[in-house]
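Beneath this line is the structure, given in C-alpha cells, with notes to follow.
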Amino acid sequence: MYNLYFFIIISIFVLSFVWGQVLSYLNRKRMSPLIPKELEGIYNPEEYAKQQDYQKTNSRFGLLSGGFSFVVILSVLLFGFLGWFDDLLREYTEQFLVLPLLFFGLLMLANAIIDFPFEWYETFTIEERFGFNKSTRKLFLLDGLKGILLSVILGGLILTAVLYIYQYAGQWFWLLAWLAVSGFSLVMTFFYSEWIVPLFNKQTPLADGELRTAIENFARKAGFQLTDIYVMDGSKRSTKANAYFTGFGKKKRIVLFDTLMNDLNTEEIVAVLAHETGHYKKKHIIYSMLLSVLTTGATFYILSLFLENQQLAEALGGKTPSFHLGLIGFSLLFAPVSEILGLAVNFISRKNEYEADAFAAQFGLGEALVSALKKISVQSLSNLNPHPLVVFWHYSHPTLLQRMHAL
Ligand SMILES: [Zn+2]
C-alpha cells in the first residue's frame, strides 16, 4: 500500500488543504473595521459591524467544516479504507455494473450524511442569525431528499453509460466516454429550466407592466431577441438576490429572483439584465461550454491511462485495479491540474464579467449597474476587501470595487 502513488496522493491532499487555509488566513487578516474609502456611505455603522461579524462567522465555520472533512478523508486514505470497502463489496458481488454503482452510491450516501449537520447548522444557525434564511425545516429536508434522488438518477445514468463504454470500447474508451458525457451535459443545459428547476422552484413569466416594457425597450436597442423573462420564487429559501441567464438558441431565458425585484428599482434591474445580455452577446456562454467540453476530453484521455493501474489501486488499499478505485485515485492525483484549470477558468470568467459590465455601460446603464451592484453587495453582506491572492485564486467575479473602477 505504501508505494510512490500513496505518498504523492497524501502530499497533494495535505498541501492543498494547507494552501486553502493560508488563503483564508490572509483574508481574515485583511478584515478591517473601516470601510474602503470609495465605498464609504454604502453601509451605516451598525450594518457594517454586522457585515464584519458575518464574514468572521463564515470564515470560522469554513475552518471547522473544512478541518473536519480534511481529517475524515485523510484517515480514509491513511488506513486504506477505500480498498477495504472494495474488498467488502466484492464478497457480495463482482458484477461489472453493480459493484462500481454500489461503491459510488454508498460513498455518496456517506458523504451526504456527514455533510448534513454542517449544512443544517449553516442554514438554521448562521444564515438564520443574520436574517438570510427563509427556508423551513421541512423544505430543507425535502430539498435534500430531492437532491439525493436526482444525483442517484442522473449520476447513475451517466455512470452506467461510462461503465458500459469502459467494458466494451477498449482503447476508444476515452473518446466515446467524452462524447457521451458532453452530449449528456449539452442536453441538461438545454432542458435545465424545464426539467430541473421546477423540482425546486416556481418560475412565472414576468407580467406586463413598467418593468417588462423597460426590459423590452432595452432588448430592442441591443438588437436582442428576448421573449422568455421569468421570475423565480428565490424568497422561499433565502433573502439573497440573484439573476441568471440560461440555455441557448430558442431555449434561452433570463431568470430574475423575486428578491432582486424587491431590492432594486426598474433601471437597476434593466442594468443587471443588460449585463446578463452582454454575456450572451459576447458569446461567453458558448465559449465557456466549449472550454469545458475540451477539458473534459483531455481529462478522460489522461484518466484512461490510469484506470488499469495496479499500484494506484494498491495506494488506496485495494488489491485489484478497477474502474472505481482508478477513478478516485486519478481524481486525487489530478487535483493540482484541476486547480490550475480552475484558475484559468476563473481568470477568463473575471475578464468576461468586465466585458458584460462594459456592454451594459454602452447603453448608458453604467451608473445604474454600479448602484445595483452596491445594493446587492450590502444586502448579502459580501466581503468588500478580499485579499488579492484570494480573488486571483477563487473569485469568478471581480470585486465590487474593481468593477466600480472599470465602470
Ligand atoms: Zn456576469
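Readers should treat all values here as calculations from the given coordinates under stated rules, not as data from a laboratory. In this text the structure is predicted, and so the values were computed from the model without any measurement. When we count neighbours, we look across all protein chains shown, and the Cβ atoms used for this are built from the backbone with ideal geometry, even at glycine.
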Taking a temperature of 10 °C and a viscosity of 1.306 mPa s, what whole-number D in µm²/s does Stokes-Einstein yield for the stretch 224-340 with Rh from Kirkwood over alpha carbon pairs? 89
Quick check on the stretch 70-111: what are the equivalent-ellipsoid semi-axes from the Cα gyration tensor, as sqrt(5λ), descending, whole Å? 21, 12, 6
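May I ask for the percentage of alpha-carbon pairs in the stretch 203-281 that lie more than 17 Å from each other?
Values: 1211 of 3081 pairs.
Of all Cα-Cα distances in the stretch 203-281, 39 percent exceed 17 Å.
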Value of D in µm² per second that Stokes-Einstein yields for the stretch 46-172, Kirkwood Rh from Cα pairs, at 10 °C (1.306 mPa s): 89
If you count the DSSP beta bridges with both ends in the chain, what percent of them are antiparallel, to the nearest 5? 65
For the stretch 334-407 versus the stretch 64-88, the gap between their alpha-carbon centres in whole angstrom: 35
Taking GluC sites (Glu not before Pro) in a DSSP loop with at most 16 other Cβ atoms within 10 angstrom as exposed, one finds the longest site-free stretch of the chain at 95-307
Three semi-axes of the equivalent ellipsoid, the stretch 35-105, Cα gyration tensor, whole Å, largest first: 50, 14, 8
May I ask you to list the aspartates and glutamates whose Cα is less than 17 Å away from that of K56, ignoring any residue fewer than eight positions away on the same chain? E46, E47, E122, E127, E128
Quick one: net charge of T277's neighbours, Cβ under 13 Å, K/R +1, D/E -1? +2
Unsatisfied cross-links (Cα-Cα over 31 Å) in the set K146/K375; K29/K281; K250/K351; K146/K252: K146/K375; K29/K281
Please report Rg over Rh for the stretch 281-361, where both radii come from the alpha carbon positions and Rh follows the Kirkwood definition. 1.20
Candidate aspartates and glutamates for bridging to K319, where Cα separation is under 15 Å - those fewer than 8 sequence places away on the same chain excluded: D86, D87, E91, E94, E308
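Working from the pairwise distances between different alpha carbons, so that the mean of 1/r is found and then inverted, what is the chain's Kirkwood radius in Å?
Hydrodynamic radius (Kirkwood, Cα only) of the chain equals 23.9 Å.
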Which one, T246, L256, I215, is farthest towards the positive end of the dipole of the stretch 203-281 when Lys and Arg carry +1 and Asp and Glu -1 on their Cβ? T246
